[in-house]
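**Q** For reference, the structure I am asking about is given below.
The values are calculated or read from the model by the stated rules, or taken from the named source; none is laboratory data. Keep in mind it's a predicted model, so treat the numbers as computed, not measured. FYI the Cβ positions are ideal-geometry reconstructions off the backbone, even for glycines, and counts take in every protein chain you see. Protein only, heavy atoms only, side chains kept; ligands, DNA and RNA dropped before computing areas. Shrake-Rupley method; radii C 1.70, N 1.55, O 1.52, S 1.80 Å.
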Amino acid sequence: MKNLCLLIYIVLSHSIFSQEASIATKFTENGTLYDSLNESPKPLAQFKKNENCIVISYLGKDNYKVKYKEWIGVINSEFLVINEEMMDLYYDFQDKARKKLIEERENRKKKLQEIIRNSPEEKAKRQRDSIAKAEAAEKQRLEAQELLRKQAEEKAKRQRDSVAKAEAAEKQRLEAQELLRKQAEEKAKRQRDSIAKAEALEKQRLEAQELLRKQAEEKAKRQRDSIAKAEALEKQRLEAQELMRKQAEEKAKRQRDSVAKAEALEKQRLEAQELMRKQAEEKAKRQRDSVAKAEAAEKQRLEAQELMRKQAEEKAKRQRDSIAKAEAAEKQRLAVQEFERKKAALRALRIEDSIAKVEAAEKLRLEAQELQLKQAEEKAQRQRDSIAKAEALEKQRLEAQELMRKQAALRALRIEDSIAKVEAAEKLRLEAQELQLKQAEEKAQRQRDSVAKAEAAENQRLATEALLLKQAEQKAQRLLDSIAKIKETQKINSEKSNISKICRYLINEYDAFYKEQLIRTELYKLNNNLTAELYKQGNKTYVFLNLSENLGCASYLSRNRSSVRIQLENNQVVTLYHSWNIDCDDFNFKGRLSVSQIQKLKQSAIKSIYFRGTKDTKTVADINYRTFFIEKLRCVE
């Protein structure tokens, strides 16, 4: 069972740590490629700055396995341009190490359980002691593992935060550029809009005049069309009345011409009367429809046409009333004729029924003949009365027709007068509107001129006030700067004697998990905007330079890597590269110091420091604490 667990552990470890990558990068400075991480490594080849190489894997403690030409060896990260893929190898290595520790813990648990199951009773005390020691070691290992996990998470979080800050700064820069571009475009657009508005107002004024002229023409045309339609309707109505009058006269003539053909004429008359009634109804319906359409159209346009529509309806009503009266008279005449026909048939029936009663019949015939003569006279009298009534009705109809003609002529005259009045009113309205437009334009121009004058005066006043304020601020600032320099000089002179002799630390402890010493000094002020601190992790020494100016981000990416060039008073130059996460808070540079660079910095004071960020550069020459490296590098040795 033990051998099987050991075999599984070896296979898993090999599969985890045997994965290799192929990441292209470059060397940051000249150096030597070694074959291993032993205490006495064998040098394989010499490489130069900016030569290409391939990163294969991460071996821990900032050491990478690389391929340089035909050699494969080991090199420290300070000699390589660090990129994101290499940082991914670092995080993968941390994850694999954490998994390895978890597996080791599980194996130890299994071994302890095996010992507990197989040990005799007399070894129980030693087993308890060994278990307690194992639990203590396991607890210490777990605490170290938790510390490692937290450090890895904090490092990843810092990297994400720095990348997010860089992106936010870039986004802010692009937004500022876009804002300036939009402001320039808006200014040009406002100028174009003001010109376009003036042209649009002029165009609208001309279009309004043209529209009013066209509306007046269309209105007059609609009035002329409505008059023509009314005249056509009136002509159709008169033609229909004349046709009906002629048909009535012909019918009366046919009735007077042949009494013997009463039945045939009655049938024809009824058919003609039905046809005439239907035609009259259809014609009246068409007239009502046309009148209704004309009324609907004219109601939307003019009140004068509404009056004409009502008068047309009254005329149609009078026409229907006259037709109804004629039909009632005709119906009465037909009833009398039917009564005569029945009496004649009854008389013939009596003659046929009784020949024996000849004498009585003759007597009756004579009486009937007498009666018939009287009835014929009465009938003739009624016919003469009906003819007189018809003539009277015709006379009334002609008088009504003449009255309607006169009313139509009067209405047409009133419409022509109303059109002339509307045209005169429209002309006056257009002239008033033109005058109002001119007055509004002049008023708007005066307002624009007054606003422009007020704005010019206000701008001049603000410029004068801003100039005076700026001069006063500059004067006050110069006074404050001189006072601050005097105080700073006094403070530096009073503290300088003590600073050079004292080492103050933020961190000075031993990391039991990594088995290395961690040292971090306090911040030391090189001038008002520049501070420095030293940091040591095992055998690696770093310097942190914090400049309170916006140079972009401190980036480790090879395409835009940040750097610092320190020039000493003995004219030697030490160049450092940013080797930590991306940081966009002011300019926080973190670079590693090699042994040769430390020796150079100890030999001479600082003359100037050149900073290069992702967006800008800065040279700082006014350094108050020039012996910082000479005095403080001993604090991290």
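**Q** Test Lys49 against the stated conditions and say whether it is surrounded by fewer than 18 Cβ atoms within 10 Å (Cβ to Cβ), in contact with a Cys (Cβ under 8 Å, 6 or more places away or on another chain) and modelled with pLDDT of 85 or more.
**A** no
**Q** Taking the residues in region 521-548 that are open to solvent by 10 Å² or more (accessible area, probe 1.4 Å) and of a type in the set (Gly, Ala, Ser) as candidates, determine which candidate is nearest to Ser563 (Cα to Cα).
**A** Filtering first and then ranking leaves Ser548.
**Q** Please go through region 141-167 and give me each residue that is loosely packed, with under 12 Cβ neighbours inside 10 Å and either in contact with a Cys (Cβ under 6 Å, 6 or more places away or on another chain) or farther than 30 Å from Glu106 by Cβ (or both), ordered by number.
**A** Answer for region 141-167, where residues must be loosely packed, with under 12 Cβ neighbours inside 10 Å and either in contact with a Cys (Cβ under 6 Å, 6 or more places away or on another chain) or farther than 30 Å from Glu106 by Cβ (or both): there is none.
**Q** Here's something else I'd like to know. Can you pull out every residue in region 268-285 that is of a type in the set (D, E, K, R), surrounded by 11 or more Cβ atoms within 10 Å (Cβ to Cβ) and farther than 18 Å from Gln236 by Cβ?
**A** Result: Arg269, Arg277.
**Q** When only residues in region 58-75 that are surrounded by fewer than 17 Cβ atoms within 10 Å (Cβ to Cβ) and either in contact with a Phe, Trp or Tyr (Cβ under 7 Å, 6 or more places away or on another chain) or not charged (D, E, K, R) (or both) count, which is modelled with the lowest pLDDT?
**A** Gly60
**Q** State whether one or more residues within region 560-572 are open to solvent by 60 Å² or more (accessible area, probe 1.4 Å) and modelled with pLDDT under 90.
**A** no
**Q** Does Ala188 qualify as being in contact (Cβ under 8 Å) with a residue 40 or more places away in the chain and open to solvent by less than 60 Å² (accessible area, probe 1.4 Å)?
**A** no
**Q** Additional query: Answer with yes or no whether Arg384 is open to solvent by 70 Å² or more (accessible area, probe 1.4 Å), part of a helix (DSSP H, G or I), modelled with pLDDT of 70 or more and closer than 30 Å to Ala216 by Cα.
**A** Against the criterion (open to solvent by 70 Å² or more (accessible area, probe 1.4 Å), part of a helix (DSSP H, G or I), modelled with pLDDT of 70 or more and closer than 30 Å to Ala216 by Cα), Arg384 does not qualify.
**Q** Right, next: Leu101 fails exactly one of the following numbered conditions: (1) open to solvent by less than 60 Å² (accessible area, probe 1.4 Å); (2) within 30 Å of Leu551 (Cβ to Cβ); (3) modelled with pLDDT of 80 or more. What is the number of that condition?
**A** (2)
One line per residue, one yes/no per condition, for (1) among the acidic types (Asp, Glu); (2) at pLDDT 75 or above:
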| position | (1), (2) |
| --- | --- |
| Arg301 | no, no |
| Met308 | no, no |
| Gln311 | no, yes |
| Lys325 | no, yes |
| Lys331 | no, yes |
| Val336 | no, no |
| Ile355 | no, no |
| Ala361 | no, no |
| Glu367 | yes, yes |
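**Q** Also, I was wondering about something else. Just checking, how many residues over region 72-97 are part of a helix (DSSP H, G or I) and under 49 Å from the mean Cα position of the chain (by Cα)?
**A** Number satisfying all stated conditions: 13.
**Q** Can you list residue pairs whose Cβ atoms sit under 8 Å apart, with the first residue in region 420-445 being among the basic types (Lys, Arg) and the second being part of a helix (DSSP H, G or I)? Count only pairs 6 or more apart in sequence or on different chains.
**A** Pairs found: Arg429/Leu212.
**Q** Of all residues in region 507-532, how many are without any contact (Cβ under 8 Å) to a residue 60 or more places away in the chain and within 51 Å of the chain's Cα centre (by Cα)?
**A** Residues meeting the conditions: 3.
**Q** Please find, among Ile582, Ile566, the residue that is in contact with a Cys (Cβ under 6 Å, 6 or more places away or on another chain) and over 17 Å from Glu637 (Cβ atoms).
**A** Checking each option against the conditions leaves just Ile582.
**Q** Let me ask something else. Collect the residues in region 225-255 that are loosely packed, with under 14 Cβ neighbours inside 10 Å and in contact (Cβ under 8 Å) with a residue 60 or more places away in the chain, keeping them in residue-number order.
**A** Scanning region 225-255 gives Glu231, Leu238.
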